[in-house]
Amino acid sequence: MNKLFFKIFTLTIGFSFLYFPILTLIAYSFNDNKRVMVWKGFSFRWYKELFHNEQILEAFYTSLKIASLSATFATVMGVMIGFSLTRISKIPARPFFIFLSSSPLVMPEIILGLSLLLFFISSNHIIGFPSSKGQLTVLISHITFSVAFVAVIIQSRLSSYDKNIEEAAQDLGTIPNMIFWKITAPVILPAILSGWLLAFTLSLDDLVVASFTTGPGANTLPIVVFSKVRLGLSPEVNALSAIIMLIVILAAISIYLINRSNIKK
Amino acid sequence: MIKNFKKQNVWFVFTPYLWLVLFFFVPLALIFKISISVSEWGMPPYRDLFSLSENGLEINSTLGNYLFIFSDPFYIRSYLNSLSLAFTSTLLCLLIGYPIAFYVAKSKPSIRNILLIMLIIPFWSSFLLRVYAWKVLLQGSGIINSILIHIGLISEPISMLHNHYAVILGVVYTYLPFMILPLYGYLVKFDLNLIDASNDLGAKPINTFVKVILPLSLPGIVAGSMLVFIPVVGEYIIPEMLGGSDKLYFGKIIWDEFFVNRDWPIASALAMSGIVILVFPIIIFQLMYAKYNFKNE
């Protein structure tokens, strides 16, 4: 009994700590007052203003575009890295390749952002590309740090599944390209999907690297939000948080339900 | 057929290889180059390493930027502040996260899946907005002050923002899921019968924990600690939003040197020393840890 009490106590405190700030923010998003913390009455006022805020809407669109493109490119290259490192033995300077594909994981964002910005400026100076900083430079930067995360996921999936299946297919005379598309790819599909999703969230959430590499017309959502809340509070951002939480909760519940029905099958 | 396979291999290896060399390695090499350059007014604000003049080839390289950083306690203190922030918050995340991960992993499967989803939700939601939430809570007119005044613990709102305790709180809050999820991953695979066996053999609960549970969840502890420690070392957003001027951190110093002072060589030298002081030890630790695990297997 004592043990059960301790368990419930720990979980209650833990989950309250995780959810209290988020729920408070959602509650105050319905506050009809410009001063965020002084309750005046219930209203949808800030949601209305949010949906009329061109700057935030545009930034949201830019973020979605960059995140989906970045996730797609990063997943393709992440699969290539995972496949190369587990299936191809002759890679020139293999340790260097391993170093390149894993060290973005341990590189602080601020150093990554700084190095990419200096690189883009110099490359513009020398060969004229990229002609200016903007969505393209943010996209390139996001792909670069996401690749490593996708590669780790793919690699662990590939090294844990039985290579003999591929060898059997090879012995039966299947064309190597076909082996990849017909056998390897379907087996690692869940890892590919979770890699894409991770790369998508990484890009959507990134502020530091984007702040360094952004330019005119490429303000992502975190950059706009940060400029609004850096010095003070913003009731519109409260409304935005509530909407994002709602999307995340709906996504989580649907994944839970899909998983449960899969297990039942 | 074999030729075909080779062609595919070439693409598979060299597309990401070239990408990473171009956009990861070359930029790092460039930072190194700029860090040993002499700063000057102009665009770009540093002198070229090699220049041709009437005296022939001139090399304008200097270690001055590094000497400058390491002779100024201001910069050294910021490195130490970042390391101590990362260390403290990793420890706190572990102390708070371990019991949560343990009890979630020990729950019945039906409840466990719901709890797991509840752990993932804050992990998915925006990082920036979770930090912002604490900014709202800790305001002078914020809800925590109101509650404390209401129950009579304090009579006037106290300033809880803009100090390094607020930074630690923000870091622990935002990085907690990074600690809990890998811990959960190891604890859930763990055979609970081992605990019963240990108890049946007469071990005290504390001994069961220290001698059975803890060693078996060590990989999870290491993975979680890495996921917290590494990003916190370079953290810029949380100190900027919740911190004050009582402690300055490495990430903010680089940001300010670059954006405010426009001193590219110093910013680059700071980043380079950051890599040597903060990132190399982590890579070495990981290599050693991997070797240790390999031996034990």
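Scanning segment A:27-58 for residues that are surrounded by fewer than 18 Cβ atoms within 10 Å (Cβ to Cβ), within 14 Å of another protein chain (Cβ to nearest Cβ) and in contact (Cβ under 8 Å) with a residue 12 or more places away in the chain turns up A:ASN33, A:LYS34. Could you please let me know if A:SER141 is closer than 23 Å to A:SER68 by Cα, open to solvent by less than 40 Å² (accessible area, probe 1.4 Å) and facing chain B (nearest Cβ under 10 Å)? Yes: the conditions hold for A:SER141. Checked against the criterion of being open to solvent by less than 30 Å² (accessible area, probe 1.4 Å) and either within 11 Å of chain A (Cβ to nearest Cβ) or under 17 Å from B:ILE76 (Cα atoms) (or both), the candidates B:LEU169, B:LEU183, B:LEU270, B:LEU248 yield just one match: B:LEU270. Scanning segment A:153-182 for residues that are open to solvent by 60 Å² or more (accessible area, probe 1.4 Å), without any contact (Cβ under 8 Å) to a residue 60 or more places away in the chain and not charged (D, E, K, R) gives A:SER156, A:SER160, A:ASN164, A:ILE165, A:GLN170, A:LEU172, A:ILE175, A:MET178, A:TRP181.
Table: residues versus (1) among the aliphatic types (A, V, I, L, M); (2) more than 10 Å from A:THR86 (Cβ to Cβ); (3) in the same structural domain as A:LEU85 (by TED's automatic domain parsing); (4) modelled with pLDDT of 80 or more.
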{"site": "A:ILE154", "(1), (2), (3), (4)": "yes, no, yes, yes"}
{"site": "A:TYR161", "(1), (2), (3), (4)": "no, no, yes, no"}
{"site": "A:TRP181", "(1), (2), (3), (4)": "no, yes, yes, yes"}
{"site": "A:PRO190", "(1), (2), (3), (4)": "no, yes, yes, yes"}
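Do we find a residue being within 13 Å of another protein chain (Cβ to nearest Cβ) and surrounded by 15 or more Cβ atoms within 10 Å (Cβ to Cβ) anywhere in segment B:71-81? Yes, segment B:71-81 has at least one match.
Scanning segment A:185-215 for residues that are away from every other protein chain (no Cβ under 11 Å) and more than 14 Å from the chain's Cα centre (by Cα) gives A:ALA185, A:PRO186, A:VAL187, A:ILE188, A:LEU189, A:PRO190, A:ALA191, A:THR214, A:GLY215. Of the listed requirements (1) buried (at least 21 other Cβ atoms within 10 Å of the Cβ); (2) not assigned by TED's automatic domain parsing to the domain that holds A:THR62, A:VAL209 misses just one: (2). Note on segment A:118-134: residues that are in a helix (DSSP H, G or I), crowded, with 19+ Cβ neighbours inside 10 Å and either more than 8 Å from chain B (Cβ to nearest Cβ) or of a type in the set (Lys, Arg) (or both) amount to 1.
Cβ-Cβ distances below 6 Å connect the following pairs, each with a first residue in segment A:209-236 that is in a helix (DSSP H, G or I), a second residue that is of a type in the set (Asp, Glu) and open to solvent by 20 Å² or more (accessible area, probe 1.4 Å), and a separation of six or more residues or different chains: A:VAL209/A:GLU109; A:GLU236/A:GLU49. B:ASN145 passes every criterion in (1) modelled with pLDDT of 85 or more; (2) over 22 Å from A:SER227 (Cα atoms); (3) polar (S, T, N, Q); (4) crowded, with 20+ Cβ neighbours inside 10 Å apart from (1). Checked against the criteria, B:SER84 counts as under 22 Å from the mean Cα position of the chain (by Cα), away from chain A (no Cβ under 12 Å) and among the polar types (S, T, N, Q).
Pick out the one residue from A:ALA242, A:ALA218 that is over 17 Å from the mean Cα position of the chain (by Cα), crowded, with 19+ Cβ neighbours inside 10 Å and at the interface with another protein chain (Cβ under 10 Å from one of its Cβ atoms). Sole residue among the options that is over 17 Å from the mean Cα position of the chain (by Cα), crowded, with 19+ Cβ neighbours inside 10 Å and at the interface with another protein chain (Cβ under 10 Å from one of its Cβ atoms): A:ALA242. Going through segment B:107-138 one residue at a time, which ones are more than 8 Å from every other protein chain (Cβ to nearest Cβ) and not small (Gly, Ala, Ser)? Of everything in segment B:107-138, those that are more than 8 Å from every other protein chain (Cβ to nearest Cβ) and not small (Gly, Ala, Ser) turn out to be B:LYS108, B:PRO109, B:ILE111, B:ARG112, B:LEU116, B:PHE123, B:VAL131, B:LEU138. Out of the residues in segment A:104-115 meeting the condition of being of a type outside the set (A, V, I, L, M, F, W, C) and within 7 Å of chain B (Cβ to nearest Cβ), tell me which one is surrounded by the most Cβ atoms within 10 Å (Cβ to Cβ). By that ranking, first place goes to A:SER115.
Output yes when any residue across segment A:69-92 is among the hydrophobic types (A, V, I, L, M, F, W, C), open to solvent by 50 Å² or more (accessible area, probe 1.4 Å) and in a loop (DSSP other than H, G, I, E, B), and no when none is. There is no residue in segment A:69-92 that is among the hydrophobic types (A, V, I, L, M, F, W, C), open to solvent by 50 Å² or more (accessible area, probe 1.4 Å) and in a loop (DSSP other than H, G, I, E, B).
From B:PRO157, B:PRO215, B:PRO177, B:PRO205, which residue is at pLDDT below 90 and in contact with a Gly (Cβ under 9 Å, 6 or more places away or on another chain)? Write out each step before concluding.
Values: B:PRO215 fails: in contact with a Gly (Cβ under 9 Å, 6 or more places away or on another chain); B:PRO177 fails: at pLDDT below 90; B:PRO205 fails: in contact with a Gly (Cβ under 9 Å, 6 or more places away or on another chain).
Going through B:PRO157, B:PRO215, B:PRO177, B:PRO205 in turn, the sole match is B:PRO157.
The values are calculated or read from the model by the stated rules, or taken from the named source; none is laboratory data. Just so it is clear, the model here is predicted, and its values are computed rather than measured. Cβ coordinates were reconstructed from backbone atoms using ideal geometry, including for glycine residues, and neighbour counts include every protein chain displayed. These area figures cover heavy atoms from the full protein model, side chains too; ligands, DNA and RNA do not enter into them. Shrake-Rupley method; radii C 1.70, N 1.55, O 1.52, S 1.80 Å.
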